[in-house]
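Report on one structure; see the data block that follows.
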Ligand SMILES: Nc1ncnc2c1ncn2[C@@H]1O[C@H](COP(=O)(O)OP(=O)(O)OP(=O)(O)O)[C@@H](O)[C@H]1O
Ligand SMILES: [Mg+2]
């Protein structure tokens, strides 16, 4: 890590601490404990650090020396044309794809390239795929209950009854995803948008430090999209979120003119800055926005 990165991290950490104090939010717990996994360390304020990640598929480079840093509690949007490497980047973070070269760290101590996919999820990285994958025959509540049961931390066990703490967490998540009134409904009967929220809720039940969301509003109505933006904004500070989207109106709602956007193109970062800045960038217009 470079000195500038550490300084930026320390600044982000300070603002994160201030936000925690303001909102009374919980600090991310040390998730690796008891699993023989290393303890994540977020003291520098950095949640995710990718350094020169390169991925080739049969000689074709899907990622070319991609470097990216996401701060603790940050909400970051990633945009870019089809084939830019956005999903491949998420595949590398979650252990689905192994890069040919580069580094990927979660906090300053966890080398993601040494962990398996389940271990990466256990240390606190949750991922939402594009298609909702909820258990259609079960109720909303049961889906969330199952999400807690797949949490293999010592306090959770498939056969134990839900603890008060777990019930509280499910209640909290039901409110966040606007499904409190639908807790007893069969998940298969929910709208497409509600299923997407339920899946996000299943990730939130496990209290991840970092959430990766690949095109989360695809297929949603305008109203559902707007509510999803509100949900993500409410999670900022408590989790780090990386949101990949093509829907520029949604990206505008999420960034509110003040958060950074990263533009990927041909497997690398083409531009980074406020949405208005990247929209005015001639190269970005040529490869993506101007089409
Ligand atoms: N398993 C694979 N084998 C071969 N090529 C792949 C594989 N996965 C991705 N690619 C290629 O890598 C490039 C990057 O793909 P990726 O899916 O990461 O793009 P993306 O930015 O997510 O695009 P989109 O916006 O369409 O989802 C594409 O050219 C794709 O065809
Ligand atoms: Mg993709």
*Calculate the length of the line joining the C-alpha centroid of the stretch 264-278 to that of the stretch 101-132, in whole Å.*
23 Å
_Protection proxy ranking of 280-286, 82-88 - average other beta-carbon atoms within 10 Å, highest first_ = 82-88, 280-286
*Label-point separation, residue 230 to residue 64 (7 Å along Cα→Cβ), nm*: 4.3 nm
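Would you mind putting 40-53, 199-212 in packing order, based on average other-beta-carbon counts within 10 Å, highest first? Spell out each step's value before the answer.
On the way: 40-53: 21.1, 199-212: 22.9.
Final packing ranking: 199-212, 40-53.
For the stretch 71-116, what is the Kirkwood hydrodynamic radius in Å, using each pair of distinct C-alpha atoms? Walk me through the numbers on the way to the answer.
Numbers: mean 1/r = 0.0833 Å⁻¹.
About 12.0 Å, per the Kirkwood formula over Cα pairs.
Write down, largest first, the equivalent ellipsoid semi-axes of the stretch 54-97 in whole Å, where each equals the square root of 5 times an eigenvalue of the alpha-carbon gyration tensor.
On the way: eigenvalues 84, 30, 17 Å².
Each semi-axis is the square root of five times an eigenvalue, giving 21, 12, 9 Å.
Quick note: the coordinates plus some simple rules give every number you see, no bench work behind them. Note that the structure is predicted; figures quoted are calculated from it, not measured. Cβ: placed from backbone, ideal geometry, glycine included. Neighbour counts: every protein chain shown.
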